[in-house]
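Remarks on the structure that follows.
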Amino acid sequence: MSTYVFSDVHGHAAPLDRALSRVSPTEDDRIFCLGDMIDRGPDPVRVMQTVRSLPGVTVLMGNHEDLMLNYFAHPGDHLSVVNWAINGGKMTVTGLEAIPSDDAVELVNWAGTLPRWSYAQVDGRYYLLCHAGLRPSSFKARKAWSDASVEALLKAQDPDDLVWIREEFWSVPTGLVGEDGLGPIVVAGHTPTPYLNVMTDLIDRPTRNDDGIAQMVRVGACEATDGVADRWDIDCGAAGGAGFGQVMVLRLDDGEEFCEPIREGE
């Protein structure tokens, strides 16, 4: 059994298909999508349909799903309309209008059921999973972690932080990884990795690869964490399209990255 995570596909169904074909997930695997399936890219509806159909998948709410739900929950509300429109919602509206109305309603309703956090334990390490991040000031140090203590920490988070937080999360240590290097690692998306260059100087590698494409990075490795990065950003910039971003599926078991750059027109 393997554990995979990905995030922020933003409507780019074709590179997602390629990445998943390389992974070839089975019923025994666990897959976590950390939200922002929709908006900006050309085929957000197919991304939602593809993600939903994956075996063993857990799908989390992203801020773009949150914007979509507010739009449909408050029809005619100017703020909801504008907020979604300026964040690329037109592509999703167009896609939903192109499928039978019953299917569109069912897909939006499904999005409304998505949780805002999850977690996985891999080789004895807990990984806390959410779209945007957690608020470190809410944490209390622990010598040992269990399912119960991890769930309590996640349940105590502000729901808006889980899908919207940015600088307050990436710019400071979580305090969850101790001097022995043990403790939970937070895996999130939401913030395209090149944006981290102005938020923190504790990044494990350049935020762009040799081709100039955004790539995942690990943040926070220092003496206080025994060299372990406590925050991993897996938003590889798909929202920026071809020439900037890619879709990446990460295998937590060994850290292998299955990357597919976005090509022109997809």
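Only the coordinates and a few stated rules stand behind these numbers; no lab work does. These numbers come from a predicted model, not from an experiment. Note that we place each Cβ from the backbone using ideal geometry, even for glycine, and neighbour counts take in every protein chain shown.
Points to keep in mind about this one:
- Cβ crowding within 10 Å, taken as a proxy for footprinting-reagent exposure, orders D211, D160 from fewest neighbours to most as D211, D160.
- The range 244-266 and the range 142-179: distance between their alpha carbon centers, rounded to Å: 25 Å
- Counted residue by residue at 0.36 nm each, then reduced by the alpha carbon distance between them, the extension gain from A85 to C222 reaches 45.3 nm.
- Point-to-point label distance, R18-D201, nm (Cα→Cβ direction, 7 Å offset): 3.7 nm
- Normalised contact order of the range 125-203, rounded percent, pairs of Cα under 8 Å and 6 or more residues apart: 49 percent
- From phi via Karplus (6.51, -1.76, 1.60), per-residue ³J(HN,Hα) for the range 235-252 in Hz, x at Gly/Pro: 7, 8, x, 4, 4, x, x, 4, x, 10, x, 8, 9, 10, 10, 9, 8, 5
- Rounded tilt (10° steps) of 63-73 against the dominant C-alpha axis of the chain: 40 degrees
- Phi-based couplings in Hz for the range 191-203 (Karplus 6.51, -1.76, 1.60; Gly and Pro marked x): 9, x, 4, x, 5, 5, 4, 9, 10, 7, 10, 9, 10
- For the chain, the fraction of alpha-carbon pairs in successive 10 Å shells from zero, as %: 7, 32, 37, 20, 4, 0
- Computed on the range 3-261, with alpha-carbon pairs under 8 angstrom and 6+ residues apart, the relative contact order is 21 percent.
- Rounded, prolate or oblate (a/c below 1.5 giving rounded, otherwise prolate when a/b exceeds b/c) for the range 101-254 by Cα gyration tensor: oblate
- Rounded to 10°, Cα long-axis angle of helix 13-23 versus longest principal axis of the chain: 40 degrees
- Derived scalar couplings ³J(HN,Hα) [the range 185-190; Karplus, 6.51 cos²θ - 1.76 cosθ + 1.60; whole Hz; x for Gly, Pro]: 9, 9, 10, 8, x, 6
- Taking every alpha-carbon pair under 8 Å whose residues sit at least 6 apart, the range 147-266 reaches a relative contact order of 21 percent.
- Packing rank of 110-120, 57-67, 223-233, 76-86, where each peptide gets the mean count of other beta carbons within 10 Å, highest leading: 57-67, 223-233, 110-120, 76-86
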